[in-house]
Structures are given as C-alpha cells and as structure tokens.
Amino acid sequence: MLFSGNCIELKKIEGTSFLELAVNLKKESVNKFNAETVSELGKALDILDQNLSGVTGLLIASGKDTFLAGADITEFLEEFKRTEKELADWIQINQKQFNRIEDISVPTVCTMAGFALGGGLEFALTCDFRITTPGSKIGLPETKLGIIPGWGGTVRLPRLIGTDPAIEWIASGNQNDANDALKLGVVDAIVAPTDLRAAGLDLLTQCANGKIAWKHRKEEKKKALVLNKTEKAMALNLNKAGIMALAGPNYPAPMIAVEAIEKSFSTGRDEALKNEAESFAKVCKTTQAQALVGIFLADQMVKKKAKGAKALAKEVKQSAVLGAGIMGGGIAYQSAYSKVPILMKDIRPEALAGGMKEAAGLLDKQIQRGKMTPMKMAETLGNITPTIKQDDLKAANFIIEAVTENEKVKIAVLQETENTVSEDTIITSNTSTISITGLAKNLKRPEKFCGMHFFNPVPKMPLVEIIRGEKTSPETIATAVMYASAMGKTPIVVNDCPGFLVNRVLFAYFTAFNQLVEEGVDFARIDKVMEKWGWPMGPAYLLDVVGVDTANHASEVMAKGFPDRMPLKDSYSVSLLYKAQRFGQKNGKGFYSYSVDAKGKPKKDLLPEIYGILGQDQSKLNTSITDSEIIDRLMLPFILESARCLSEKIVDEAYELDMAMLNGLGFPPFRGGPMRYAQAIGTSSIIEKAKTYSQKHGTLYEVTAGVQEVLKHV
C-alpha cells in the first residue's frame, strides 16, 4: 500500500505493472467528494507521481459496491458564503487535481459500478476509458441543485460526446442509464459486476501492449471544440431556446452551464476550466442555488428523522383503508404498489368497484409509460382486497379511515372499527381539518389513534401529515411515520390544531386573497401575478381545483379556530361562489368555467358572468393595488402563519415546515420554502411591511412576539 487514508487508497496491483487509486470513505456508506477526500486525493497524487517509474497503467476504482455519488452537498451552503473570487479559487483546487490524473503519462481506466454522478462522473471523465455495469446511473445532476458542474463536466463531456448531447445531459440534470451512456460514448463498455475489475485490468493491459491508441483519447479532451460558425450558432441558439422554455427565468443554472460551454468553444482545457470555475462561482451566489441546495439538505434531514422512528414502530403486516372513493383508491394503490397488502373496505359494492378501477387506472398509466409490466400490475392489484365485511378488518393491524369529511360520520366509522379490531391495532384518520384530539375523545384507546392526512391526488403528492393528538402514543406516531415512508411518502409529524400545518397556513393565504377580491381586485389578475411569482397555480384556480365546497367547509373550521385572523364573511369570494353552487372543477364552474376542447383536454375559461356573482363591475376593477402589493398581501400572511406554527410548536423545525409546503402545496422550489423565503426578504423588512398592512387589514398581518422571535432565527 502506497497510501491509505480515510477516503483514498493507492496501491500497486500484485502481479502487474499497474497502480490502483480507489475511493473508499471508511466513515460513510457512500463515496462522495468531501473536503477530506479532496485533501487526501492531493496527497495520494503526490505519492503517485513519485512512484510512476515502471508503471504502465492506472486503475481508478471504488472500495465499495458503488462508485461515487458526487460532492458532499452538506458542505455547500457554508462554502457559498465565500466571495465569487474565493469560490472560483476553491473549485479550481480539485480541477487541478483532476488534471493531474488526465495528464498522467500512462493509460487510465475507471471502473464505476452502481452510479457515477456529479463530481463522481467528472472524476471518471479524467480517465481515458470508463467501464460500468448494467443498471448503473450516470449523469451530472448539478442543475437540479441550482448549480453547474464545476470539476470539468462542462469542459470534458462536450469534447467527449459532442455539444448537443452534452448540453442535454448537463442542462437536464437527469440520471442516465448505462446503455444510454454507452451509445453516446460516455462509457466504453458494460460488464457484469463480477467482471468489472477484470475488464478494467484487461483494458489497461491492451493499452500497455500498444493494442489501443490511448494517447489520442487523452489529448482530444484537452483541445478546443471544433465547430464552424453555423454549427456553433445552431448548437447554442436551439439549445438556449429549449432550455429557456423548460427552465424559465427562475432557474438560471442550465443557461449558465450552456454559457460556460459557449465561452470555451475556442479554448483549450485549462482556459475552459477557468471559465467553468467562474461560472460555477457566479451561479453559487444566486438565491436559487441557496434555495435548491437547502431543499436537498432539508429533505435529507426529514428522511433521517423518519428513519429514527424505526426503533419504536410496529411492523405493518396488513393494512386497511376505510372508504373506496378517490382518496381511498389512491391510498390502496400506494400501499399495494409499495408491497404492503391492504384491505379496501366500503359499505357499497359499487364504491369498491370504483376504488379498484381507480387503482387499476393508475397502474395502467405506469404500463403506458413503460415503468411497469402487466405481470407487475396484476401482482400489485393482488395486494388490494376489496371487502364489504366489517369482520375482515380483524386481519389488519393498521387502519386508515378515509370516509367523507364529516365529523359525525367519521366518529361512527371509527367507533365501529375500534370495536371490531384487536386492541393492538393502530387506527388513523385521513382528515384535512377535523381535530384529531376531538375525534379521539370518542374512542376507548386514544393512544392508538392519530391523524394521517394524505394530499390529493395521493400518487402524485409526496406529503403525508402525521397528526399527533393529545393522547397519541409515541409508538403510534412512529408506526404511522414508518408506514408512510414505506409507501414512498414524506411524513411530517405535526401537533393537532385547526387545519393542522399545511391547511392552516394555506387558509391564511386564502383569507388574504378573499380580502383582495372583496376590495375589487380582479381574481384573474391575482392568479397571473402569483403564477409569475412562482406558484404552479394562482389562489382562485387552486380553490377551483380543491373544490369551493371543500374550501368553504374548511374555512368554517378555520374561522371557528382563528376568528380574529381567518373569519369567513358572507362577502368573501368563497362564500359567494359556494352559495351560487359554483364548486370549481368538480361541477364545471367556479371562479373559472371548465369544459373539454376538441381534443378531449380540459379547458379553463374566464366568463364575464363571474364578476357579477362576486359583486364586481368588470369595467371598474381596483387597479390601484400594484403587483408587488398583491404579492406582499398574500405572502406575508403565509410567512407569518408559518412562523406562528413554529412558535406554537405545531411543527418542530423550520426545515420540516419548508418541506411540508414544498411537498404539500407546490411552494416554488427556487424560493426554498416560506422560512427560507423569509430569510431572503429579511426580518426587518417583513416586520415593517406587516405593521403597515395590519393597521389597515387587521390581525392577519400581526407580528406577535413569538413570530418575531422565530423570524430572527430562520
């Protein structure tokens, strides 16, 4: 062994004239480029240079079953505090180390099983040849974190496979299959995992024996890109137009990556790498990079916290869902798809047929997308057992009640279920507004009961709120968390209150919207402003999708819980539409009118009649309120109610709250969540604006001492 550290090993390969440099982080389950790895790589390369005499090849490998997951993202936010110049200098440290591998005077082969992502792929690209295994995932996902490749990805990949495919790989940030990588020439061979090392050594032997012209490979990656003016214009203009259409102005990283490639068309490797480092530094200083890296880290913390529940959780061997509507069918599908057998119970056979049809339809879509086989579909459907028999529930040790959002109905169903199942069975309620503590008062075993709020549509929405009642036991919460995780969902544990976490914050936002419409502001204009700000849909359109009747019912609950901040006035738009029986998409008319176009696709129309229903004159709408005021009027209550929830310990951590809003409401990822957005605005600015609005519009904009304390620490 020539060098052995915590991350890097360098040794002579017995019986050959080759050296092996292996990445093997002893303290981690996955290899990644953290500060220690970068430091040890430099030390190993110094020793490598001193031991090249008689060496005829270098094998780059992994000491683990998989290769490299890329850079250590947990170190990024601290590094982002550097100046642009400092960031560029920092990134060039490892660029230069990678160059030392590329410039070595012997052939190099990288064997990369499992995955080679981000900095892992950039490391592999320094080698003359790359070999991988079937099913490996290969790519440069940096743009999905709001940054760009910084260790040579924008330089080496275009020179290896051509400009267009390289831009597609880099701008999309997708993980690519080994076969796609082989077709493009990113890798040179795919072999079985058991043959990977032998294949690498065989390739080095062929190079050392002069059978393969490896020096040509090495030099090609150092040259300028050879494109004429027409080819350059076509490559850049078409790609830029496509990227702008897909990414838009709120996600600058893909465009900055393309600009880095463009800037280095006519330069050699070293100048191109300098350009890449400067572009990397530039994108790191954007708010989008801060937000997207923050989301990645928050997601890791949420997952880690969920895993911590395993010690207390009971194994869910057989679950059951009560109610075979859209929610029940979606929950049954999700459980069955995750290989947890589930009973689907309803009192009506036709409802059960509908629930099975819902699950089958979702699975059929997977087949159409090539993500499932008919055999797998049949196996998944076999995990769902429809039943009308109450006694069948005795087989389940975990129950999800998903009947209609009516407290009396839920109480009756929950009591009957509790009397049927064993004392150890955990019962949960899929409710969006009804108090879990209140429901539990009607049960004999409140410690075995909690809320489990799925979001619609269940297969698409990642979030599940796990609601803790006053008497819910830790074991019950832990089991619900683990079951949600097993279903592929993101569980966030919250304490009981009206609306729980997500709907409580959302309805503060809806109240602000109702106030604006009451003041004569055009709801369609509000939608456009908020969609431009980043929401997938504006508040009026969202209310139509949720259902105005559903929103009206939830508003009644919120008004009862928070009458000072979230009253439900007869003059509010939700009340007016509810009375007019305009329930949104479900009956074809709400704020907008809905129909089907000639191609059978849903169509949204704005008809003049709606303004009369809202008590507005379309020719005299309030235009004195600016677009920036509309954003403030809506987003300040969102931030303030979020901060109240943290202050009142409805949710434990700011990162959990941010992830709940991202996964449950589609909060714009490039803004990072309400607490990160508040951080970007600044506490003093929020307080100043809120004080001004509270004087005119009441306690919805009030900054309490608790809120102020939370805002100081986000």
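Considering 142, 220, the condition of being touching a helix residue (DSSP H, G or I) at 6+ places or on another chain (Cβ under 9 Å) and closer than 27 Å to residue 16 by Cβ is satisfied by 220 alone. Here is a check on your reading of the model: is residue 628 within 27 Å of residue 247 (Cβ to Cβ), small (Gly, Ala, Ser) and not in a loop (DSSP other than H, G, I, E, B)? Spelling it out, residue 628 is indeed within 27 Å of residue 247 (Cβ to Cβ), small (Gly, Ala, Ser) and not in a loop (DSSP other than H, G, I, E, B). I'd like to know if the stretch 226-248 contains one or more residues that are closer than 18 Å to residue 91 by Cα and surrounded by 15 or more Cβ atoms within 10 Å (Cβ to Cβ). No: the stretch 226-248 contains no residue that is closer than 18 Å to residue 91 by Cα and surrounded by 15 or more Cβ atoms within 10 Å (Cβ to Cβ).
So that you can scan it fast, the table gives a plain yes or no per residue for (1) touching a Phe, Trp or Tyr at 6+ places or on another chain (Cβ under 8 Å); (2) touching a residue at least 24 places away in the same chain (Cβ under 8 Å); (3) under 30 Å from residue 299 (Cβ atoms):
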| position | (1), (2), (3) |
| --- | --- |
| 580 | no, yes, no |
| 586 | no, yes, no |
| 608 | no, no, no |
| 626 | no, no, no |
| 629 | no, no, no |
| 635 | yes, yes, yes |
| 638 | yes, yes, yes |
| 652 | no, yes, yes |
| 661 | yes, yes, yes |
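Here the stretch 1-56 is the region considered, the condition is being of a type in the set (Gly, Ala, Ser) and in a helix (DSSP H, G or I), and the residue that is surrounded by the most Cβ atoms within 10 Å (Cβ to Cβ) is 44.
Reported count of residues in the stretch 257-276, each being surrounded by fewer than 19 Cβ atoms within 10 Å (Cβ to Cβ), in contact (Cβ under 8 Å) with a residue 40 or more places away in the chain and not aromatic (Phe, Trp, Tyr), is 5. The condition (being within 21 Å of residue 91 (Cα to Cα), in contact with an Asp or Glu (Cβ under 9 Å, 6 or more places away or on another chain) and either of a type in the set (S, T, N, Q) or at pLDDT 95 or above (or both)) is satisfied by just one residue among 131, 170, 147, 138: 170.
For the stretch 61-164, list the helices (runs of 4 or more DSSP H) that sit wholly inside it and hold at least 3 residues that are of a type in the set (D, E, K, R) and more than 25 Å from the chain's Cα centre (by Cα); which are they? Let's see the steps before the verdict.
Numbers: elements: 76-79, 84-102, 119-125, 153-161.
In the stretch 61-164, the matching helices (runs of 4 or more DSSP H) lie at 84-102.
Within the bounds of the stretch 30-40, is there any residue that is touching a residue at least 60 places away in the same chain (Cβ under 8 Å) and in contact with a strand residue (DSSP E or B) (Cβ under 6 Å, 6 or more places away or on another chain)? Scanning the stretch 30-40, I find at least one residue that is touching a residue at least 60 places away in the same chain (Cβ under 8 Å) and in contact with a strand residue (DSSP E or B) (Cβ under 6 Å, 6 or more places away or on another chain), so the answer is yes.
Selection of the stretch 493-532 for residues being among the charged types (D, E, K, R) and part of a helix (DSSP H, G or I) yields 504, 518, 525, 527, 528, 531, 532.
For the stretch 574-593, a residue qualifies if it is under 20 Å from residue 536 (Cβ atoms) and among the small types (Gly, Ala, Ser), and the qualifying residues are 584, 590. Quick check on the stretch 684-705. Is at least one of its residues among the polar types (S, T, N, Q), touching a residue at least 24 places away in the same chain (Cβ under 8 Å) and touching an Asp or Glu at 6+ places or on another chain (Cβ under 6 Å)? Yes, the stretch 684-705 contains a residue that is among the polar types (S, T, N, Q), touching a residue at least 24 places away in the same chain (Cβ under 8 Å) and touching an Asp or Glu at 6+ places or on another chain (Cβ under 6 Å).
Taken as a whole, the condition of being closer than 17 Å to residue 58 by Cβ and of a type in the set (Ser, Thr, Tyr) applies to residue 205.
With respect to residue 279, determine if the residue is out of contact with any strand residue (DSSP E or B) (no Cβ under 7 Å at 6 or more places or on another chain), closer than 30 Å to residue 66 by Cβ, crowded, with 17+ Cβ neighbours inside 10 Å and at pLDDT 85 or above.
It is true that residue 279 is out of contact with any strand residue (DSSP E or B) (no Cβ under 7 Å at 6 or more places or on another chain), closer than 30 Å to residue 66 by Cβ, crowded, with 17+ Cβ neighbours inside 10 Å and at pLDDT 85 or above.
For beta carbons closer than 8 Å, sequence separation of 6+ or different chains, a first residue in the stretch 109-126 that is in contact (Cβ under 8 Å) with a residue 12 or more places away in the chain and not assigned by TED's automatic domain parsing to the domain that holds residue 176 and a second that is part of a helix (DSSP H, G or I) and among the charged types (D, E, K, R), there are no qualifying pairs.
This table checks each residue for (1) under 27 Å from residue 455 (Cβ atoms); (2) crowded, with 21+ Cβ neighbours inside 10 Å; (3) assigned by TED's automatic domain parsing to the domain that holds residue 539.
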site	(1), (2), (3)
574	yes, yes, yes
577	yes, yes, yes
592	yes, yes, yes
602	yes, no, yes
612	no, no, yes
621	no, no, yes
639	yes, yes, yes
690	no, yes, yes
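Could you tell me whether the stretch 399-420 includes any residue that is part of a loop (DSSP other than H, G, I, E, B) and more than 30 Å from residue 380 (Cα to Cα)? Within the stretch 399-420, one or more residues are part of a loop (DSSP other than H, G, I, E, B) and more than 30 Å from residue 380 (Cα to Cα). Selection of the stretch 432-454 for residues being at pLDDT 95 or above and under 25 Å from the mean Cα position of the chain (by Cα) yields 451, 452, 453, 454.
When you scan the stretch 223-260, how many residues do you find that are within 18 Å of residue 152 (Cα to Cα) and at pLDDT 90 or above? Residues flagged as within 18 Å of residue 152 (Cα to Cα) and at pLDDT 90 or above within the stretch 223-260 amount to 8. Looking across the stretch 646-688 at every residue that is hydroxyl-bearing (Ser, Thr, Tyr) and surrounded by 14 or more Cβ atoms within 10 Å (Cβ to Cβ), the one that is farthest from residue 466 (Cα to Cα) is identified as 683. Here residue 635 meets the list (1) within 25 Å of residue 669 (Cβ to Cβ); (2) touching a strand residue (DSSP E or B) at 6+ places or on another chain (Cβ under 7 Å); (3) crowded, with 16+ Cβ neighbours inside 10 Å almost entirely, failing just condition (2).
Here the condition is being in contact with a Cys (Cβ under 9 Å, 6 or more places away or on another chain) and surrounded by fewer than 17 Cβ atoms within 10 Å (Cβ to Cβ); of 213, 192, it holds for 213 alone.
Looking at the structure I just gave you, is residue 502 over 20 Å from residue 619 (Cβ atoms), out of contact with any helix residue (DSSP H, G or I) (no Cβ under 7 Å at 6 or more places or on another chain) and either buried (at least 23 other Cβ atoms within 10 Å of the Cβ) or of a type in the set (A, V, I, L, M) (or both)? No.
The values are calculated or read from the model by the stated rules, or taken from the named source; none is laboratory data. Everything numeric here is computed off the predicted structure, so don't read it as measured data. Positions of Cβ are generated from backbone atoms using ideal geometry, with glycine treated the same way; all protein chains shown enter the neighbour counts.
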